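Peer 1: Before I ask anything, here is the structure I am working with.
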Amino acid sequence: MATVMVAKEDKMAVITINRPEALNALSSEVLTELNAAIEDVKADEQVGVVIITGAGKAFVAGADIAQMKSFTVDEAYNFAKLGQEVFEKIETMPKIVIAAVNGFALGGGCELAMACDIRLASEKAKFGQPEVNLGITPGFGGTQRLTRLVGKGKATELITTADNISAADAERLGLVNTVVSGDVLVAAKEMAQKILAKGAYAVSYAKVAIHNGIQTDIKTAIAYEASVFAMCFGTEEQKEGMTAFLEKRKPSFNGR
């Protein structure tokens, strides 16, 4: 049975981590299959938005401790690099990626969610970086993405105490965009449809500008923003969007 499943519908792709008997723990096999799924949806021109979720009662409860227990130093480094490379592909692909966090998002699961652009969480979701309980640090980008999302002090607290937090607390801290009272996957699809109704180039350029800008100083970032703003004017979508606005009608974007 595949540990990662991909379903495509209505210009969106739903990637499901499918290892419910292990609470979707991230093994090398899962990460390799997730990498292949990301490459697939990234290359598919019919897919505009990607949703990542988990099968069963967990989003991803962490990395696979049974596999990691006997790692050598070199093996641990290679495992961390594999996870980091896959998550970086999620973060940098020019399509919006929504995490539909349906349950536990701990350790590698929290890191996976943080690599996504938008995080929606069910009320029963739990977040945390409990790695220090195991005598290790986060290895898939947790020390860096959590700090950027919630600030240095709170990230240090969460990582060094290994405390898990509720979806409501995660929302309050800015780790989660929205807590959903109903089916989080349904909510993610509704948000995806809203994004898909916009200009595809504009959405893609905006994501790239946000991601690249946060890595650099404000002067460099706004200069890059001016470049992608100007690039929009070379698309048919810009012409349709502005014409529709002036004609007081909804735009009909064609992806060009």
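Peer 1: Given the residues Val30, Val60, Val49, which is the only one that is buried (at least 24 other Cβ atoms within 10 Å of the Cβ) and touching a Gly at 6+ places or on another chain (Cβ under 6 Å)?
Peer 2: Result: Val60 is the single residue among Val30, Val60, Val49 that is buried (at least 24 other Cβ atoms within 10 Å of the Cβ) and touching a Gly at 6+ places or on another chain (Cβ under 6 Å).
Peer 1: What about Leu26, is it touching a Leu at 6+ places or on another chain (Cβ under 9 Å) and without any contact (Cβ under 8 Å) to a residue 60 or more places away in the chain?
Peer 2: Judged against the criteria, Leu26 is not a match.
Peer 1: Then there is this: Scan the range 120-141 residue by residue and report those that are crowded, with 19+ Cβ neighbours inside 10 Å, assigned to a loop (DSSP other than H, G, I, E, B) and among the small types (Gly, Ala, Ser).
Peer 2: Passing the criteria: Ala125, Gly139, Gly141.
Peer 1: Another one. Which is assigned by TED's automatic domain parsing to the domain that holds Ala100, out of contact with any His (no Cβ under 9 Å at 6 or more places or on another chain) and not in a helix (DSSP H, G or I), of Val186, Val179?
Peer 2: After applying the criteria, what remains is Val179.
Peer 1: Scan the range 60-96 for residues that are part of a loop (DSSP other than H, G, I, E, B) and among the acidic types (Asp, Glu) and jot them down.
Peer 2: If the condition is that a residue be part of a loop (DSSP other than H, G, I, E, B) and among the acidic types (Asp, Glu), then Asp64 is the only one that fits.
Peer 1: Another question, if that's okay. So for the range 29-44 (the condition being free of Cβ contacts under 8 Å to residues at least 60 places away in the same chain and in a loop (DSSP other than H, G, I, E, B)), does at least one residue qualify?
Peer 2: yes
Peer 1: Sticking with this structure for a sec: If you go through the range 142-164, how many residues are closer than 21 Å to Ile65 by Cα and either free of Cβ contacts under 8 Å to residues at least 40 places away in the same chain or crowded, with 20+ Cβ neighbours inside 10 Å (or both)?
Peer 2: Final tally of qualifying residues: 8.
Peer 1: Here's something else I'd like to know. As an exercise: evaluate Leu175 against (1) of a type outside the set (Phe, Trp, Tyr); (2) surrounded by fewer than 18 Cβ atoms within 10 Å (Cβ to Cβ); (3) touching a helix residue (DSSP H, G or I) at 6+ places or on another chain (Cβ under 8 Å) and give the number of the one condition it does not meet.
Peer 2: The single condition Leu175 does not satisfy is (2).
Quick grid of which residues meet (1) of a type in the set (S, T, N, Q); (2) more than 19 Å from Gly139 (Cβ to Cβ); (3) assigned by TED's automatic domain parsing to the domain that holds Lys189:
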| position | (1), (2), (3) |
| --- | --- |
| Ile15 | no, yes, yes |
| Asn24 | yes, no, yes |
| Thr32 | yes, no, yes |
| Asp40 | no, yes, yes |
| Thr53 | yes, yes, yes |
| Phe71 | no, no, yes |
| Glu75 | no, no, yes |
| Phe79 | no, no, yes |
| Phe87 | no, no, yes |
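Peer 1: Only one of these conditions is not met by Thr72: (1) free of Cβ contacts under 8 Å to residues at least 12 places away in the same chain; (2) under 22 Å from Thr161 (Cα atoms). Which number is it?
Peer 2: Going through the list (1) free of Cβ contacts under 8 Å to residues at least 12 places away in the same chain; (2) under 22 Å from Thr161 (Cα atoms), Thr72 breaks only (2).
Peer 1: Return yes when Gly54 is under 19 Å from the mean Cα position of the chain (by Cα) and under 20 Å from Gly135 (Cα atoms) and no when it is not.
Peer 2: Taking the combined requirement at face value, the residue does not satisfy it.
Peer 1: Still on this structure, please answer the following. Condition first: more than 28 Å from Ala167 (Cα to Cα) and surrounded by fewer than 22 Cβ atoms within 10 Å (Cβ to Cβ). Can you find one or more residues in the range 10-26 that meet it?
Peer 2: yes
Peer 1: Mind checking which pairs have a first residue in the range 181-196 that is under 14 Å from Val101 (Cβ atoms) and a second that is surrounded by 18 or more Cβ atoms within 10 Å (Cβ to Cβ) and not aliphatic (A, V, I, L, M), Cβ under 6 Å, 6 or more apart or different chains?
Peer 2: If the second residue must be surrounded by 18 or more Cβ atoms within 10 Å (Cβ to Cβ) and not aliphatic (A, V, I, L, M), the pairs left are Val184/Asn102; Val184/Ser122; Leu185/Thr53.
Peer 1: Return the residues of the range 178-201 that are surrounded by fewer than 17 Cβ atoms within 10 Å (Cβ to Cβ), β-branched (Val, Ile, Thr) and over 16 Å from the mean Cα position of the chain (by Cα); say none if nothing qualifies.
Peer 2: Val186 - this is the single residue of the range 178-201 that is surrounded by fewer than 17 Cβ atoms within 10 Å (Cβ to Cβ), β-branched (Val, Ile, Thr) and over 16 Å from the mean Cα position of the chain (by Cα).
Peer 1: A follow-up question, please. Looking at the range 97-119, which of the residues that are charged (D, E, K, R) and not in a helix (DSSP H, G or I) is nearest to Thr161 (Cα to Cα)?
Peer 2: Among residues in the range 97-119 that are charged (D, E, K, R) and not in a helix (DSSP H, G or I), the one nearest to Thr161 (Cα to Cα) is Arg119.
Peer 1: Based on what the data block shows, is Lys95 more than 22 Å from Asn133 (Cβ to Cβ), assigned by TED's automatic domain parsing to the domain that holds Leu146, within 14 Å of the chain's Cα centre (by Cα) and basic (Lys, Arg)?
Peer 2: When the stated conditions are applied, Lys95 passes them.
The values are calculated or read from the model by the stated rules, or taken from the named source; none is laboratory data. Treat the numbers as computed from the prediction; the structure is a model and nothing was measured. Cβ: placed from backbone, ideal geometry, glycine included. Neighbour counts: every protein chain shown.
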